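The values are calculated or read from the model by the stated rules, or taken from the named source; none is laboratory data. Just so we're clear, the structure is a prediction, and the values are computed from it rather than from any experiment. Cβ: placed from backbone, ideal geometry, glycine included. Neighbour counts: every protein chain shown. SASA here: full protein model, heavy atoms, side chains in, ligands and nucleic acids out. Shrake-Rupley method; radii C 1.70, N 1.55, O 1.52, S 1.80 Å.
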Amino acid sequence: MNGIWRVWMILWCISVGGFGLIITLGAIEATSAPTILLLEMLSGGIMVEMTPHLRFALAVMGPVTMGWALTLIGATEATRHLPKPIAAKTWLWITAGVLAWMVIDSILSVVTGFALNLIPNTLYLVAFLVPVIRSGVLKEQ
């Protein structure tokens, strides 16, 4: 992946990392306002109760999301130096991972009362697929 599509993908990864940062902020009471705002928006306005259990989950999920973003930046850069067939297989697995996140996260968002999370999930998926498809990284030749 090169040119505009590489830049697009790096920006996509940075946006994933930014989301992870917002989630991480919810782990500490003094910094949780952005997280509470986000969760209340995604719940359709239902008041969010920041329990110790939720704060712990955010403390785990946020850094994992930020790490995922950095891993994807690394993969984006590394695949540029791989033979095309290997890079294509790598992008196929990365795409499978993003699709698995989308499906599981979206189903659980609906089940737990945060159906509005399907909107940013869909936008993130489309924003990921555009450079993957347009750049041709899934083609082995």
- Roughly how large, in nm² to one decimal, is the mean projection of the convex hull of the alpha-carbon atoms in the range 76-117? 3.3
- Task: List every residue whose amide H lies under 5 Å from the amide H of Met50, counting only residues 5 or more places away in sequence or on a different chain, with H placed 1.01 Å from N in the peptide plane.
- Result: none
- Return one whole number: the accessible area per residue of the chain in Å², for a 1.4 Å probe. 59
- Query: Quick one: if you stick a label point 7 Å off each Cα along the C-beta vector at Trp93 and His81, how many nm between them?
  - Reply: 1.7
- Expressed to one decimal in nm², the mean projection of the alpha carbon convex hull of the range 49-141 is 6.6
- Quick one: Debye curve from the C-alpha atoms of the range 19-88, no solvent, what's log10 I(q)/I(0) at q = 0.16, 0.23 Å⁻¹? -0.60, -0.92
- Query: Of the accessible area of the chain, with the probe set at 1.4 angstrom, what percent is carbon plus sulfur?
  - Reply: 76
